[in-house]
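Okay, so here's the structure we're looking at.
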């Protein structure tokens, strides 16, 4: 009964528009301090001390330092001209296909995803350059915003990925293995989005095509070589084991400063205070959600919710593939109405214990969960990538939401491939960490 009331209050506060961190934390803290929830011998002062300890323990992790560092690295690269160089290089590679600039947007998003770890940062950095350019080439503004949003969602699939850092922190699954597992799925997503974009542009005649030129590829590659070095250094350091995820995030910040200030000369020291504040407000929001969710999940654990869920699943008698499909469908729905970080923190402790019954590896499940919630970033009413692209393009959310539906369908198809073909998520981790 306590757990049902807890979730009812959570969704009520979210529906009323309360910030997600408070919607998670206030019901849990309020119920913990309500007489009768715990045995009579438990003192109120002891519960208050437990709450404070849980809030601190929620963010007391070296791994979570990667969150503000990756957010800062993404903000520096957005301001320092790196996104423009990646777009120019991507356009030289794929600008000759139907819908060339749309495909270039997705390729550039894949490159940028290997640096920032944030879907919102990816969408903002690429969209600020690509959306005006696509509109000038004759693409409808709603379609341009939809393509940018779809490309931005890859930012949490191709490593580094802040949601994967959070999943690894919650489950003690290797974050480096999660990163490796997300690589091929992210590439599959990008190829799927490009295929849909080409099909739409061929059918409706959107955009301009340009002749392929090796000379243009070489010129744009020389300009973008330092920008392209960022994902190589960051991912190479993590996957080879030379640096931890947090150390790689610090390395990304240093490298972004070097490229933006020394080579591109588009970022000045006077720009840094505002840039740091902007990026760390977002990071602080994520960490505040994590701290509050620690209290929420502790109360769930004390009420033995995971055991109850396990018993309910066993009673349903579903085969492993059926249970996996049920969980994936549930996550798709939850991703539409709940912010990714909050959904991870609330659901991972409950769902992770079901991996043996679903017949999936913990690394595979972590990747699938992040990918599933990434699709939620493309759907109203809380799709962060949609909001960012709508803000840049000035197009109403409803129009962009309709335009993005074919891309969402492609993403769901890619998710199903990753669900039922384990090598998509497990081959690369097993190859690297044999």
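Derivation of every value follows stated rules applied to the coordinates shown; laboratory data play no part. Values in this document were obtained by computation on a predicted structure and should not be read as measured data. Ideal geometry is used to build each Cβ from the backbone, glycine not excepted, and the neighbour counts take in all protein chains shown.
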For the chain, modelled as a GNM with alpha-carbon contacts under 10 angstrom, which of 231, 159, 319 fluctuates the most?
319
Cα-based Kirkwood hydrodynamic radius, region 70-122, one decimal, Å:
11.1 Å
At 0.36 nm per residue, minus the direct Cα-Cα distance, what do residue 337 and residue 276 gain on full extension? Give it in nm, one decimal, please.
19.0 nm
Connecting C-alpha atoms closer than 10 Å in a GNM of the chain, tell me which of 228, 287, 275 has the biggest fluctuation.
275
Using a cut-off of under 16 Å, list every residue of region 364-394 whose amide N is near the label point 7 Å from the Cα of residue 135 along the Cα-to-beta-carbon line.
387-394
Subtracting the Cα-Cα distance from 0.36 nm times the residue separation, let me have the gained length for residue 329 to residue 228 in nm, one decimal.
32.7 nm
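Using per-residue counts of other Cβ atoms within 10 Å, averaged over each peptide, order 68-77, 194-203, 174-183, 15-24 from highest down. Intermediate results must be reported in sequence, preceding the final value.
Values: 68-77: 27.1, 194-203: 18.5, 174-183: 25.6, 15-24: 16.5.
Ranked by mean Cβ neighbours within 10 Å, highest first: 68-77, 174-183, 194-203, 15-24.
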Put a dot 7 Å past each Cα toward the Cβ at residue 209 and residue 8; how far apart are the dots in nm?
6.0 nm
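So what are the chain's ellipsoid semi-axes, whole angstrom, largest first, if each one is the square root of 5 times an eigenvalue of the alpha-carbon gyration tensor?
Details: eigenvalues 281, 113, 87 Å².
So the three semi-axes of the chain are 38, 24, 21 Å.
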Report, in degrees rounded to the nearest 10, the 0 to 90 angle that the Cα long axis of helix 272-302 makes with the longest principal axis of the chain.
30 degrees
With Cα springs under 10 Å, the Gaussian network model of the chain assigns the largest mean-square fluctuation among 282, 355, 50 to 50
